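*Asks:* Below is one structure. I have some questions about it.
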Amino acid sequence: MNPETQTIRTREQMTERYFETLCQMIRSQAYRELAASQCFAYALRHVPTLGYKRKVLEHVAEELEHYEICVGLWNQIGGPGDLDAICHARLAEGAVPLIDSFLELGAAQFLYDCASAYQLREYENSTFDPYCEVVGKILEEEEGHESFGAEVLIEHCRDESCRPEAQALFDKWLAVSLRSFGRPDSEGSRYAISVGLKTRDGAAIQQDYVDGLKPTMRLCGLRFPDLEKLGVEIAPDLDLSF
Ligand SMILES: [Fe+2]
Ligand SMILES: [Fe+2]
């Protein structure tokens with residue numbers, strides 16, 4: 001049996017390649033969690049009611065907790081450098097857009113959070129045991145964020161005059177979200193699958209992700225944009241039909 005497909009808990013049990021791949025996965029997730037918490041906190045000024053504000057604040061706190069869990073995992077395995085500093089530096093580069101309206105917050109939560117959850121689901125049976133232990137709790141909370149985003153989108157799209165704006169924000173956040181899956185079928189991804197760090201390649205997960213968007217898109221009257229024009233690299237056989 002390949003020793004790398006057995007359960008792993010400590011740095012000593014990892015090969016160098018396994019360690020580096022795991023570090024990269026934790027770093028990416030930590031960044032996505034921090035970006036989400038910061039975006040949602042920034043968007044609070046656009047949230048129109050007390051009830052919604054409480055909800056969004058809860059989500060901000062949950063994203064920060066997810067981020068903290070990632071930092072904990074990083075420190076547990078002795079990842080190189082200060083992950084908190086690394087993520088804040090990357091965020092300062094401005095790769096994740098700021099949110100300018102309540103409708104945009106809905107689009108971001110529906111699309112970006114949901115993409116993050118699909119990627120996390122692949123770690124539920126990770127050979128790195130500490131990951132399996134935390135993923136369930138994070139996923140439960142992410143589902144709440146995603147359904148909140150869908151609710152906001154659906155509510156706005158009842159008014160047909162809102163739809164062009166909703167479509168533009170949908171396109172914007174779909175592009176950001178699809179990029180977060182990484183390049184389809186990369187060598188690094190094949191390695192991560194071979195040692196059981198994740199189950200499937202980003203290309204397969206992207207298909208599940210876009211399929212999961214379709215019911216809400218139908219309710220909202222939204223369409224998939226031309227992703228090539230948006231400069232997004234996707235798997236060539238990604239099925240965007242309804
Ligand atoms: Fe999260
Ligand atoms: Fe979230």
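*Asks:* If I stretch the segment between Glu68 and Thr7 completely, what's the gain in nm (0.36 nm per residue apart, minus their alpha carbon distance), one decimal?
*Replies:* Answer, rounded to one decimal: 19.6 nm.
*Asks:* For the chain, just run the numbers: alpha carbon Rg, then divide by 2.2 N^0.38 Å, N being how many residues it has.
*Replies:* 1.02
*Asks:* Springs between alpha-carbon atoms under 10 Å, Gaussian network over the chain: tell me which of Ser161, Ser37, Ser147 tops the mean-square fluctuations.
*Replies:* Looking only at Ser161, Ser37, Ser147, the largest GNM fluctuation is found for Ser161.
*Asks:* Most mobile of Ala41, Ala30, Ala89 per a Gaussian network model of the chain (Cα springs, under 10 Å)?
*Replies:* Ala89
*Asks:* Can I ask one more? Work out, step by step, the length gained on full extension between Ala168 and Gln76: first 0.36 nm times the residue separation, then minus their alpha carbon distance; give nm to one decimal.
*Replies:* Using 0.36 nm per residue and subtracting the Cα-Cα distance, I get 28.9 nm.
*Asks:* Residues in the range 65-83, backbone N under 18 Å from the label point at Thr199 (7 Å along the Cα-to-beta-carbon vector): list them, ranges by number please.
*Replies:* Nothing falls inside the zone, counting backbone N under 18 Å.
*Asks:* Taking R0 as 30 Å, what FRET efficiency do you get between Leu230 and His46 from their Cβ-Cβ distance, rounded to the nearest 0.05?
*Replies:* For R0 = 30 Å, the calculated efficiency reads 0.80.
*Asks:* Something else: Pop a pseudo-label 7 angstrom from the Cα along the beta-carbon direction at both Glu151 and Glu133 and give the gap in nm to one decimal.
*Replies:* According to this spin-label approximation, the distance is 3.3 nm.
*Asks:* Working out 0.36 nm times the residue gap between Leu91 and Arg17, then minus their Cα-Cα distance, what length gain in nm do you get to one decimal?
*Replies:* 24.0 nm
No value in this document is a laboratory result; all are computed from the given coordinates. Note that the coordinates shown come from a computational prediction; the quantities given were computed from them, not determined experimentally. Counting neighbours? That spans all protein chains shown, and the Cβs are built from the backbone with ideal geometry, glycine included.
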